[in-house]
Amino acid sequence: MKRKLDVPDAGRPSGMNPYTGRPYSQRYYDILSKRVGLPVYEHKAEVIKAVRENQIVVLVGETGSGKTTQIPQFMVEAGITTGKQLVGCTQPRRVAAISVAQRVADEMDVVIGQHVGYNIRFEDVTGPNTMLKYMTDGMLLREAMTDPLLERSIYSVMLFLLHCSCADMLVLYWMKHTNAHCQLMFCLGSSRRS
């Protein structure tokens, strides 16, 4: 059974991709049937509500539950990104940032580098329409170094996937200096227990 993705209507007819203005591909529906089966998908409304009501949200989920791919999409679909703001999501490794961005672009039925992109050392695959950006911890740290108070931050939601010790320091820095317009989400996977 095909299910329509819960996206803001934006006046487009059913079956139309609100990001590209084109009909969804068959591949989109094939991927969507798998997305709705992920554990995090059944908590979509709760996650969106928590982010709308709190500046800092901590989520814990098992590996493979959909934290990395689904939650950033929930934020975009809920309209939390406005104007030039976007959802940022840190990844511990370059390869992870690239592969997750490609996967999410496929899930949203968009071309990588347009609405979904990534930023790793020596490679910025984003554009003026990017709403969701995956990046390494180091690239976010570089942004923080050039703007120590993060006053020029364009993130409406920043999602930290805590996998390595360098992320801990980055998170502490971000919490201390973040502007009041950015919600923070911290996702803890099953591989990291305190």
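Throughout, read-outs are computed from the coordinates displayed, never taken from laboratory work. Nothing here was measured: the structure is a model prediction, and the numbers come from that model.
Can you give the Rg to Rh ratio of segment 31-76, both from alpha-carbon atoms, with Rh computed by the Kirkwood formula?
Expressed as Rg/Rh, it is 0.95.
Convert each backbone phi in segment 83-89 into a coupling constant with the Karplus relation 6.51 cos²θ - 1.76 cosθ + 1.60 (shift: θ = phi - 60°), then list the ³J(HN,Hα) values in order as whole Hz, x for Gly and Pro.
x, 8, 6, 8, 9, x, 9
Rounded to whole Å and sorted largest first, list the principal axis extents of the Cα atoms in segment 39-143.
37, 31, 28
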